[in-house]
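J.: Below are the structure tokens for one structure; questions will follow.
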Amino acid sequence: RYEPTWGSLDARPLPAWFDEAKFGVFIHWGVFSVPSFGSEWFWWYWQKEKREPYVKFMEANYPPGFSYEDFGPLFTAEFFDPNQWADILKASGAKYVVLTSKHHEGFTLWGSKYSWNWNAVDVGPKRDLVAELEASVRNRTDLRFGLYHSLFEWFNPLFLEDASNVFKTRRFPSSKSLPELYEIVTKYQPEIIWSDGNGNAPDTYWNSTGFLAWLYNDSPVRDTVVTNDRWGVGSICTHGGFYTCSDRYNPGHLLPHKWENCMTIDKRSWGYRRDAQLHDYLTIEDLVKQLVETVSCGGNLLMNIGPTHDGRIAVVFEERLRQVGAWLKVNGEAIYGTKPWRAQNDSVTPEVWYTFSPKEGTVNAIFLNWPVSGILELGEPQAKLGETQVKLAGYKELLKWVALGEKGLVIALPQLTPKQLPCQWGWTLQLTAIN
């Protein structure tokens, strides 16, 4: 049994499925999807920081005295079709999904008994959005279902009162935040708890170690659940399950501890923005590069989309997810279930990243640029004459190669028309019998 101490909790082995999964989809959805302007931090930037674009937006479009709470009934979700969402998630090739059950605004996407009249069952959709998505994901896909939960809430009076007492009182976590966490775990049995938003309070204020000890010892998901590292000031990148370290974290080198790169397709926001331009979205080339770099350095990629207030996944997000899925259909063996190799990227040719498939004993060299010459030089692999074989994922015939001295080899790529290429963005060489 795990003790409610970091020493004990950090010793828990991370369930193997998480490292094998490599790729998940993050969904930021909430009342902030109604103004869908600027950022999911809309309420804070408008009311607390009084940032000019947000103030002007409200003055121009809403009557005087309109409050953030008035957006609640406008969060309608009339086009939310959880089966369609599940089908898009499945097509993306992702192995898990993480939905924002509650963001810093405090609005819960389930009918929480600890969030009276500020939840999706009492206000707005009048539906349990968490339950609906959970059922569809579990019935229609093999994805693991996870939930994001914000510890703090910007404007909750109980939290503000605790903060003014320098967190010597604990009214907010004991009556709101912790009961919600126990509620979502018991009700929906999520296999990822993605905690966020410490509100500048220490983990002792949140009783994070007490909750995690229950989660690992006695909860219905104790054997399979994974957690992140955002459990109070000082815990990020130090304590918990996998490390996130910061948003959009992509170190570019191997880390000793399992980590995740959570990032957004929209470069500027986690929530949906009606004012986003096409150049604000990462291209499929950008996304493949992120995935390959992250996995070769031992991380998982958690790629975020923001649905609309009426429950649609914007077509640009759907296209990107389906494109990643199409890429993974060809190159998935170089991603899923792999381990980092002794070299993460190539020493001779830039934009070549390595992974290792332990079951097959294959070294995967994923190259992001197809060389004009049709010849690819790799500086890292040590080939064995008469033994090493080189294959292009999605192409039948073996490729010809020549060894270069101590290590390195030159590979002749097949001469293919654009239509004959196994995929369009990034290709995998599978090398067997490599030293």
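The values are calculated or read from the model by the stated rules, or taken from the named source; none is laboratory data. Bear in mind the structure is a predicted one, so any value in this text is a computation, not a measurement. Note that each Cβ is placed from the backbone with ideal geometry, even for glycine, and that neighbours are counted across all protein chains shown. Areas reflect the complete protein model, heavy atoms only, side chains present, ligands, DNA and RNA absent. Shrake-Rupley method; radii C 1.70, N 1.55, O 1.52, S 1.80 Å.
J.: Taking Cα atoms, how many degrees apart are the long axis of helix 129-140 and the longest axis of the chain, rounded to 10 and kept between 0 and 90?
T.: The angle comes out near 30 degrees.
J.: If you don't mind, another one. For segment 132-229, how big is Rg over Rh, using alpha carbon atoms and the Kirkwood form of Rh?
T.: Ratio value, two decimals: 1.02.
J.: Let me ask something else about it. May I ask you to give the percent of accessible area on segment 1-154 that is carbon plus sulfur, with a probe radius of 1.4 Å? Don't jump to the answer; show the numbers that get you there.
T.: Details: 3140 of 6090 Å².
Carbon with sulfur: 51 percent of the solvent-accessible area.
J.: Angle, helix 208-217 long axis vs. longest principal axis of the chain, Cα atoms, 0 to 90°, nearest 10?
T.: That helix lies at roughly 60 degrees to the long axis.
J.: List the pair-distance distribution P(r) of segment 339-432, using every Cα-Cα distance, as the percent of pairs falling in each 5 Å bin from 0 up to the bin containing the longest distance, rounded to whole percents.
T.: Percent of Cα pairs in each bin: 3, 13, 26, 29, 19, 8, 2, 0.
J.: Sequence gap of 8 or more, or different chains, plus Cα separation below 20 Å: how many lysine pairs satisfy both in segment 334-435?
T.: Going through segment 334-435 pair by pair, I get 10.
J.: Hey, another quick one. With N residues in segment 251-394, what two-decimal value do you get for its Cα radius of gyration over 2.2 N^0.38 Å?
T.: Rg over 2.2 N^0.38 Å, computed on Cα atoms: 1.18.
J.: Over the alpha-carbon set of the chain, divide Rg by the Kirkwood Rh and report the Rg/Rh ratio to two decimals.
T.: 1.01
J.: A follow-up question, please. Taking 0.36 nm per intervening residue step and subtracting the Cα-Cα distance, what contour gain separates residue 348 from residue 168 on full extension?
T.: Length gained, residue 348 through residue 168: 59.1 nm.
J.: Residue 416 to residue 69: extension gain in nm, 0.36 nm per residue of separation minus the Cα-Cα distance?
T.: Details: separation 347, 0.36 × 347 = 124.92 nm, distance 5.77 nm.
Here the segment from residue 416 to residue 69 would lengthen by 119.1 nm.
J.: While we're here: May I ask what percent, to the nearest 5, of DSSP beta bridges between residues of the chain are antiparallel? Walk me through the numbers before you get to the answer.
T.: Values: 29 of 60 bridges.
For the chain, the DSSP antiparallel bridge percentage is about 50.
J.: For all pairs of alpha-carbon atoms in segment 71-141, what percent lies in each bin of width 10 Å, listed from the first bin to the last filled one?
T.: 20, 48, 27, 5
J.: Rounded to the nearest percent, how much of the accessible area of segment 362-435 (1.4 Å probe, protein heavy atoms only) is carbon and sulfur?
T.: Here carbon and sulfur together make up 52 percent of the probe-accessible area.
J.: Calculate, for residue 360 and residue 200, the FRET efficiency according to 1/(1 + (r/R0)^6) with r their C-beta to C-beta distance and R0 41 Å; round to the nearest 0.05.
T.: Computed FRET efficiency for residue 360 and residue 200 comes out at 0.30.
J.: Going by Cβ distance under 4.7 Å, what cysteines of the chain have no possible disulfide partner?
T.: Unpaired cysteines in the chain: 262, 297, 423.
J.: Now, a different point. Nearest 0.05, what FRET efficiency do residue 217 and residue 258 give at R0 = 22 Å with Cβ-Cβ as r? Spell out each step's value before the answer.
T.: Numbers: r = 21 Å, r/R0 = 0.96.
With R0 = 22 Å, the Cβ-Cβ based efficiency is 0.55.
J.: Next question, about the same structure. P(r) tail for segment 203-293, what percent of Cα pairs lie past 17 Å? Could you put the intermediate results ahead of the total?
T.: Values: 2564 of 4095 pairs.
Beyond 17 Å sits 63 percent of the P(r) for segment 203-293.
J.: Considering the chain as a Gaussian network with a 10 Å cut-off on Cα pairs, which listed residue, 405, 361, 93, attains the greatest mean-square fluctuation?
T.: Of the options given, 405 has the highest mean-square fluctuation.
J.: Kindly report the accessible area of segment 115-161 per residue (heavy atoms of protein chains, probe 1.4 Å, no ligands, DNA or RNA), in Å².
T.: So segment 115-161 comes to 40 Å² accessible per residue, rounded to a whole number.
J.: Next up: Mind giving me the nanometre distance, one decimal, between the label points for residue 59 and residue 369, set 7 Å out from Cα along Cα→Cβ?
T.: Here the modelled spin labels are 4.9 nm apart.
J.: Then there's this: Could you work out how far apart the two model spin labels at residue 81 and residue 175 are, taking each label as a point 7 Å from the Cα in the direction of the beta carbon, and quote it in nm?
T.: 4.3 nm
J.: Where a Cα-Cα gap under 14 Å defines reach, which aspartates and glutamates qualify for residue 90, not counting those fewer than 8 residues away within the same chain?
T.: Once the sequence-local aspartates and glutamates are set aside, what remains near residue 90 is 134, 142, 318, 319.
J.: Also, I was wondering about something else. With r defined as the distance between the Cβ atoms of residue 404 and residue 319 and R0 fixed at 41 Å, what FRET efficiency is calculated, to the nearest 0.05?
T.: 0.50
J.: Using 11 Å as the cut-off for backbone N distance, which residues of segment 56-89 belong to the label zone defined by a point 7 Å from the Cα of residue 139 along Cα→Cβ?
T.: Under cut-off, by backbone N: 82-84.
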